[in-house]
Amino acid sequence: MIWIYYISVSPIIHLSIYQSVHLPISLSIYQFPTQSHLLIMSPYRYIWFCIESFDNAFAMPKRKATNEARDQVARGLSVRGASERAVNQLWNLWHAEDEQIARGSFQRIVDKELQPWKEATINVAFPTYEGGQVVLPIVDLKPTLQRMAHESPAFTKALARALLGTGVLTPIFYCDECQAGNILSVEKLRKANIWYMSWLQCWHHLKSPSMWIVICVVQSACLQGSSAIVGGSSAIMKSILEHLVSGEHEAGWLLTPEVHFKQNQKAWFLGDNDAIRSVFSLKGSAGLRPCVLCSNVVKATSSSFLNDSTWKDVGASGGFKVSTDQEIFGHCDKLKSFRTKAEREIYEKASGIVFDEASLMFSEAERTKLPPSRVMNDTMHCYMTNGCASWELAIFLQSVFDHTHVTLEILQGAVASDQWMGLKASGKTQNYVKNLLNAKMFSDDNFKGEAHQTAALVPLVRYYMETLIEPASRVPPACVESFRCLCNIVSFIREISHGLYPLDEASMQHFAALQQKHQTLFAAAYGEQHKPKHHHRMHIPTQWLAAGVPVNCEPLQSKHRLYKSGVADRQVGQVRDHESFSASVLCRLLQTSLDIVKKHGLPFWELLPPIKEASLDDKIFLATTSLQTSQRISLSYMVTISCCCFPHLQISSGVSALGADI
């Protein structure tokens, strides 16, 4: 808590500015003869003087910035975490008066830096339910990628390698809600939906947030209430497909003189359940059918499956009938034919689809570019964040506490005494590990930690289960077996996500079998406590196999930090002007993303300078003479992969995110 003290000042103030000024006591408005400013003073009012603003108001005008100064300021703007105003103030603090840059001149430098991004966007008008319209910018793909390729060799190489296979890229989109500022605020004006785009052929670069391009930023206020955009998120997705997945990009164009960019006319969509529901106009858990991809799955509270074996609830481990895109589109077309609202609402609940003619599913031109069969459920949200793993962590530990003398405090003490910790680069210290078992991290049926905390706690609990809890034979065996199977799934997802080999049918069949086994074991241990995510996860093996790449939302959650860490807060003056806010934030996110790529590259396959020859022992161990090293990835962790498949692989001897992950 901070106490702020104010003082009451006398109404008599003597100021001498350029010449003597005589101010009568009774006068409440003092006008300085040589300035246009008015200083309003009232007796015994609380006055807060900003000394810096006062000094600036009467300081000598600053000179025009030189080209060299402009270039230096432009480099300063790329410093992550530094606001534009802070860069301006630091510049003036470190330079003589004749080299200082006035606020107006500085703003013109900022505008000049962002102008190329403003020119690389398309302004699209969206009608609102109030009868007005909101004009929002969407990235124009060609000039955006050309600029990134021009300024970042690493980005160019990544796309060039992705195009080496078939010569055509398959786009994948991601949408998520992101909250900046005060999360307890009633209005939440800095809460926004952010759309990202990348390409499946980029494969392991998809694990890097820098490979995902921000394509649109929309405040949540534009998607809710009476002034919301007609069609909501789905209408924005439809417009994105119209402009970014078009015949122009299918025909191709030159990214650089050496690289020809071509893109498929069919895209994929990655997202959590809320994003999938809003983009594809689904009722979700509110509908009789919580999964639109299956024609015979109903929610657990429905009694339909009791009378007919063809119907399955969300806790079933198999027997699902997957709907085709044409069947789902047929439901959408039928919703258009109903004449009464009551008939339509009944069919909406039965089909699981919400009727909205402005949405993607009811646009015959755009829905074929992103059909429901191209939806990819996210393992992070299905398992780690308010998902199957976080739920079972809580209920399994509660079962342990109920059947043994073990408590959360005892378990936490055991973890602390055993001095568990992660790699130094991962930041998983003893305090980090101890905090995983803090009582505040648990509710009755959920572990409330973030995804990385859930991923860290699952194997830790498994260790104590198999070494201490299971041998005591007090916890029901069904609970033990269900949690063991869950641990195997989490381990398999991690292995597949960070592997350096392509997905194959055998591995995905194994993944599906693990999930089916866990579905059965979970029901045996805890009864009918299944939730829709227990079913949604069952589609992931098929979706990964169809895409050919295991993709999840983890790098996108990291990308959100650019928006949360200052970009949104520094545009707080425009939060009530939705059009200006979206345009300002989008340009700054694009520039910040480019600055990061230019500085750090895309280091999954690339070593960053200084690069040197690897030691002779390492070359002999990995059986290659072309081995190189830098200080980015730990060799001791890279050797866990099948290096024999990559005879020209470059290995580094430092530590990076990849080293920590593997």
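The values are calculated or read from the model by the stated rules, or taken from the named source; none is laboratory data. Just so you know, these numbers come straight off a predicted model, no measurement behind them. Glycine gets a Cβ as well: all are built from the backbone with ideal geometry, and neighbour counts include every protein chain shown. Just the protein is used for accessible areas: all its heavy atoms, side chains included, with ligands, DNA and RNA removed. Shrake-Rupley method; radii C 1.70, N 1.55, O 1.52, S 1.80 Å.
For the stretch 369-446, the spread of Cα coordinates along the three principal axes comes to 55, 36, 17 Å, biggest extent given first. Counting only aspartates and glutamates at least 8 places from LYS341 when in the same chain, those with an alpha carbon closer than 19 Å to its own are ASP333, ASP356, GLU357. A cut-off under 11 angstrom between Cβ atoms defines the neighbours of CYS479, and their net charge, with Lys, Arg +1 and Asp, Glu -1, is -2. Cross-link partners for LYS191 among the aspartates and glutamates, with Cα-Cα distance under 19 Å and sequence neighbours closer than 8 places in the same chain left out: ASP176, GLU177, ASP272, ASP274, ASP569, ASP577, GLU579. A 1.4 Å probe run over the stretch 185-294, with the rest of the protein chains in place, finds 31 Å² accessible per residue.
Surface composition of the stretch 476-594: carbon plus sulfur atoms contribute 52% of the solvent-accessible area (1.4 Å probe, protein chains only, all chains present). Sorting 536-544, 313-321 by their mean Cβ neighbour count within 10 Å, with the most densely packed peptide first, gives 536-544, 313-321. Taking a ≥ b ≥ c as the square roots of the eigenvalues of the Cα gyration tensor of the stretch 72-181, is the shape rounded (a/c under 1.5), prolate (a/b larger than b/c) or oblate? Oblate.
Pairs with C-alpha atoms separated by more than 22 Å, drawn from the list LYS118/LYS157; LYS448/LYS533; LYS533/LYS564, are LYS118/LYS157; LYS533/LYS564. For the stretch 448-523, the C-alpha radius of gyration sits at 1.22 times the compact-globule guess of 2.2 N^0.38 Å, with N the residue count. Bridging of LYS112 to aspartates and glutamates at a Cα separation below 17 Å is possible for GLU68, ASP71, GLU84, GLU151, ASP595, once same-chain residues fewer than 8 apart are set aside. Solvent-accessible surface of the stretch 120-175, taken per residue with a 1.4 Å probe and all protein chains present: 39 Å². LEU164 sits among other residues whose Cβ lies under 15 Å from its own Cβ, and their net charge, with Lys and Arg +1 and Asp and Glu -1, is +2.
Highest mean packing comes first when the peptides 236-244, 614-622, 135-143, 444-452 are listed by Cβ atoms within 10 Å, giving 236-244, 135-143, 444-452, 614-622. Cross-linked pairs LYS434/LYS517; LYS238/LYS334; LYS321/LYS517: Cα-Cα separations exceed 24 Å for LYS434/LYS517. Roughly speaking, to the nearest percent, how much of the stretch 256-367's 1.4 Å accessible area is carbon and sulfur? The value for the stretch 256-367 is 50 percent carbon and sulfur by accessible area. Simple rule: put +1 on each Lys or Arg Cβ and -1 on each Asp or Glu Cβ in the stretch 409-552, find the dipole, and look at TYR526, ALA451, PRO476; the Cα lying farthest toward the positive end is ALA451.
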